[in-house]
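Enquirer: Right, I'll just put the structure down here and ask away after.
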Amino acid sequence: MNGFQSFRGSVLVQSYPQSGLKQRRSGIQVLEVLLLFPVLLIATLSFFVLGPTVTIRQAVQHAAEEAAREVAKKTGTQTTDFIATDVVNESLSVHGLVLGTNTGVLVVVEEDNLVTTVGDTSLATAPAAVPFANPDQVIVTVYVSVDDAPIPNELSNMGFDISGRQISHRTTAFRDS
């Protein structure tokens with residue numbers, strides 16, 4: 001027997017000299033940490049990018065749906081651009097986004113074979129007015145530039161660059177007859 005034996009109370013304790021197994025195991029653990037660290041870092045940083053992106057995407061969807069609904073309900077002397085501006089500003093102002101020139105937000109309203117654009121026209125070109133199958137149809141598209149939205153671009157150094165992109169949502173509503 002190469003080990004050391006001793007009795008402690010009624011229990012036999014046997015120990016063996018370290019054979020280097022513990023040192024090799026700690027080297028493997030360091031290697032595992034070094035291999036997994038970049039993956040865990042990218043996953044953690046992606047949560048900081050994905051969370052605000054999803055929040056802004058939901059706000060854009062809500063703004064487009066509300067604007068289409070309100071434009072479809074318009075009566076009297078209300079103008080399409082006033083309604084769209086009011087509704088979109090109300091929905092997006094929570095996130096620091098407002099309609100205006102060079103603000104990164106554009107609203108395109110298509111109704112009655114007319115196209116109305118409000119906001120930053122450098123974002124997207126207005127679609128061509130196409131005769132609608134239903135004259136009671138209203139289509140609203142909201143565009144938001146990611147560069148102007150409160151979305152961090154933390155992964156750009158790692159090749160996941162989101163700058164220069166747009167979040168958009170297109171919604172159709174129908175007027176009550």
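Enquirer: Does at least one position in segment 130-150 carry a residue that is in a loop (DSSP other than H, G, I, E, B) and of a type in the set (S, T, N, Q)? Even if it seems obvious, please write down each step before you answer.
Expert: The first filter runs over segment 130-150 and keeps only residues in a loop (DSSP other than H, G, I, E, B), leaving 130-136, 146-150.
Restricting the remaining residues to those that are of a type in the set (S, T, N, Q) gives 134.
Yes, the conditions are met somewhere in segment 130-150.
Enquirer: I'm told Val54 meets every condition in (1) touching a strand residue (DSSP E or B) at 6+ places or on another chain (Cβ under 6 Å); (2) more than 21 Å from Phe174 (Cβ to Cβ) except one. Can you identify the failing condition by its number?
Expert: With (1) touching a strand residue (DSSP E or B) at 6+ places or on another chain (Cβ under 6 Å); (2) more than 21 Å from Phe174 (Cβ to Cβ) applied to Val54, the lone miss is (1).
Enquirer: Any residue in segment 144-163 that is within 14 Å of Gln61 (Cα to Cα), surrounded by 14 or more Cβ atoms within 10 Å (Cβ to Cβ), within 23 Å of the chain's Cα centre (by Cα) and not polar (S, T, N, Q)?
Expert: yes
Enquirer: Could you list, in sequence order, all residues of segment 44-57 that are open to solvent by 60 Å² or more (accessible area, probe 1.4 Å) and of a type in the set (A, V, I, L, M)?
Expert: Leu50, Val54
Enquirer: Which residues, counting only those in segment 58-98, are farther than 27 Å from Pro135 by Cα, open to solvent by 10 Å² or more (accessible area, probe 1.4 Å) and in a loop (DSSP other than H, G, I, E, B)?
Expert: Those that are farther than 27 Å from Pro135 by Cα, open to solvent by 10 Å² or more (accessible area, probe 1.4 Å) and in a loop (DSSP other than H, G, I, E, B): Gly96, Val98.
Enquirer: Have a look at Gln58, Gln18, Gln78 and point out the one that is closer than 30 Å to Val140 by Cβ and at pLDDT below 85.
Expert: Details: Gln58 fails: at pLDDT below 85; Gln18 fails: closer than 30 Å to Val140 by Cβ.
After ruling out the rest, the residue left standing is Gln78.
The values are calculated or read from the model by the stated rules, or taken from the named source; none is laboratory data. If you're wondering where the values come from, they're calculated on a predicted model, not measured in any experiment. Neighbour counts are summed over all protein chains in view; Cβ atoms, including those assigned to glycine, are modelled from backbone coordinates with ideal geometry. Surface areas here come from the heavy atoms of the whole protein model, side chains and all, with no ligands, DNA or RNA. Shrake-Rupley method; radii C 1.70, N 1.55, O 1.52, S 1.80 Å.
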